Structures are given as C-alpha cells and as structure tokens.
Amino acid sequence: MKKTLFLLGMLSISLIFTSCFNAVYYNISQDVLPLEATVNGIIRHIARYNVDGTEFLVTTANNGIRYKLLNSDTHGQWNALSAESYPFEFHHYDYYGVENHVGQQILKVVADDSYLYIVTTEYINDSEEGTASPSKAHLFRLKPALKSGSTSEWNVSSSSDWKELTTGDYKDILITYKYGDYYFSAFNVFSTNSVKNEHRNAFIRSGGTTIESSLRNSSGYTNIIKPVYYKLDNGEIKSITITNKDTVNNPADGYYNKGINSAAYLGNELCFFMTEASVSNETTGKLSDVIYFANEGNIYTYSSQGEKPLQDSNGNQISAGSVPVSCFALNSDSLIAGKANYTSTASSSSGGITRIALNSDGTASISEFTTNASVQLSSAYFILTLLSKDPSLPEIENSIYGGIFFLGTGSTTAVNFANIGLWSYYKSRGNWNRE
C-alpha cells in the first residue's frame, strides 16, 4: 500500500522485512539435520501385512522390498530380502550389452489378508542412454513366514517362494500404452490397506485412463477405455463386477471414466472410490463409521448419512488447495492430505502436504502443523503415499510415514535427490526426517 508520509512508509517497509525474516527464520528453525536414508527409491505405497500373527509394514525401495514391525518406532529398522530370493533380476542399464535394459523394476507392493503382491515392469530395449519406456508389467505373489526363532525377520530364501500371476488369460491385464510422446498405464493394483487384517482386500483395475476423452474415437484403444476389475483372492486373480451402487463419487459418464483407484470399509461394507485418496477411521478396536476421500483438492466424507463435503464450522467446504490430493494419513485429531499433480508434464513438481484438524462435532479446519512436516514434505515434492500407524492416536503421539518424489533436474535448492524415498515422524523424535 502506498504511504504519503515517509515515517509510515519506513514503518511499512520495516514490518515487511520483519515479517519475511520471521517466516524464513521459522522455516530454518524447523529444519533438522537429515538422517542417513535407509529406504531410498520411489515409494508408491506402504502396505500393512500380517505374517504369522505379527503386523508388519512393507514398501518398495531401490533393489527390492523393505519390511519392518509395525510397532518398531525408530529409524533404520527396515529389513530386506536377498537379491537371490527374487524371481527376476533387478533392473539395471547395460550400455554395452545386447539388451540395454536388463531385469525388472518393482513399482508397487500391496497386500490382502493372506498374500503380498508386487507389481514390476520391464523396459523397452533402448540404446538411448537416460530413457526408460515400459514394455510389460508383471504381478507376483508371496506368502512369507517368520524365520525360526525370529519375531521380525522373514524366511524367504529362493525365487520358488514367488508365483507370477500375470500369465495365461491374465498375461496382458496390466496395460501400458504410448500416446504422443508419453507412456501411460491403463491399470492400477490397489488395496483397502485396512487396520483390521480381515478387511484387507486387493484388486486390479485393467483399462481406464485419465485421458480417455481424447481416445474415444481412436482405433486400437478400446481395451484401455472401459475398465474391468479383478480381485486378488487367496493368491489368485478372479474376475469381479463392480456396479455403481458399490462406488462412491461415481461420475454420471461412468463408461468412460478413468476407473476405480481405491477401496475402504465403512463398518463391514466395502466401498470403492475413483480417487486414489481414501481412508477410513477403522482401528484395531472398532469398525469405521466414516471414510474420508478427495475429489481433486476438495475433501468429502462417506458415512451412513451418505456422501457429504467435509465442512468447517461455518459450513464451508474444506479444501487442501488447487493441487489434487494424492493420499491421506488419518489420526484421531487430524487428517493429513498429501498432494501431487500427476497429470502435469512440467519440468517441476507441484505437491506438498496439508493438515486438516478434525473436531469432535464432525467439522474440520485447515491448521498449521506443530511439527516440521510442511518444511520437509514441501510443495516442491510429490507426496506419493502416507500412512499413520494407529488412527486412534493423536498426530504427535503417532508414527507416520510418507513417500516423496520430484520432477526435474534437482538443480534448485528446493529439492534434493537424496530426499527421494521414505520419510517418517516418530513421537520419540518429535520431527519428520528421512527414513
């Protein structure tokens, strides 16, 4: 604002500089010395999984999956399977080889009440160094047991412990395709990831795409437009039918929609969602009575009263902002929304994290973190996945995990390649840091 008096003008400048200094100082004060990263790579999902009655967390990482006890609330406690125990060679680039892209990369891990499932991809043999284009996706299952005498390590010793499921009639259900200069996936493998083991289900969407409107009149794309669904049932793929009545926030133009991407339980009722961001308030001690889900940046609830916008005390819709919500972590007093603009082809990321305080009367409000979450999981990073260990605990008493990633060269000070991977918050540590 323009000031007519010099004194007022100087005061205004002083206030501006003071305000800027405080904001910068606050961010610096919230930063922490980074711990040595133990789980690097693109962390797309963190699965709850039960082995011989013991609860674990499982995720992907560079060169294989990582797993740890759910109740292990300290840094660096993740175990890894030996490379020799996988049914494939890990992906690497061989510049002088006959095949430049060798092996498979693990993309995602999900679980149901019995089996663990991993999605992998092979890459097109391309001699242009620095490019990686998917050629075929695979799905494998594993049912590990605890090592004799151990309560935290799995007994997985050879490739014969695994079974590939994408064979025979199902060999082509994990569809990838090229459109223009970009490669896309027209499938998703997702799960309820419920706190209660008996509510853990895993599913496959085959077909369905976010750019379907431009493909409706294009030949050769019929199989990727209309999605079909499968359930991973006792370690096998079984075809299922999902109707509109099973699906919350189903668009009117259902045939050409991008398909279902998540599922959660309301009580004992299984509900499906188009968004990837949905989470129930189920705990070990009670069934859920509400599911939170997102439509772009807007937050909604689904309960016995149906689908409703999550609102503040004045009746305003709660929104996490203009960037789409990609994932949630639920605590007894807050809903943490991770964000990622996956559809962007820009050279930089747009993401970040938003805290939504949950009130006892069912209303909510956007609120500041009392931890360094917004500094470490900043808007420069895609937030790929989030998980709270125990939704019945308040945020600062919980253990919370998140996977972050960014687009671009990493040449700016806002991002760092070393930060790509798994991050965590522990009550005992009191801050977010690299896991």
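Structural remarks
- For segment 311-328, the residues whose amide N sits under 18 Å from a probe point set 7 Å from the Cα of T363 along the beta carbon direction are 311-320.
- Residues in segment 298-435 average 40 Å² of solvent-accessible surface per residue, probe 1.4 Å, ligands and nucleic acids excluded.
- Going by accessible surface with a 1.4 Å probe and the largest first, S135, S239, S326 read S239, S135, S326.
- Net charge in the neighbourhood of N79 (other residues with Cβ under 9 Å of its Cβ; Lys, Arg +1, Asp, Glu -1) is +1.
- Once all protein chains are placed together, K389 keeps about 40 Å² accessible to a 1.4 angstrom probe.
- Excluding ligands, DNA and RNA, the accessible surface per residue across segment 46-89 is 37 Å² with a 1.4 Å probe.
- Between F88 and K143, the modelled label-to-label distance comes to 2.3 nm, taking each label 7 Å out from Cα in the direction of the beta carbon.
- Amide proton proximity set for N201, modelled H, under 5 Å, gap of 5+: T192, N193, S194
- Cross-link table K143/K339; K136/K389; K196/K339; K171/K196; K136/K226; K108/K238, entries beyond 28 Å C-alpha to C-alpha: K143/K339; K136/K389; K171/K196
- Pairwise centroid distance, computed over Cα atoms, of segment 369-421 with segment 82-127, Å: 26
- Nearest-10 value in Å² for the accessible area of Y183, using the 1.4 Å probe: 90
The values are calculated or read from the model by the stated rules, or taken from the named source; none is laboratory data. Keep in mind the model is a prediction, meaning the values are calculated, not measured. Heads up, the Cβs are rebuilt from the backbone with ideal geometry, glycines too, and the neighbour counts pull from every protein chain shown. We work out accessible area using only protein heavy atoms, side chains counted, and drop any ligands, DNA or RNA first. Shrake-Rupley method; radii C 1.70, N 1.55, O 1.52, S 1.80 Å.
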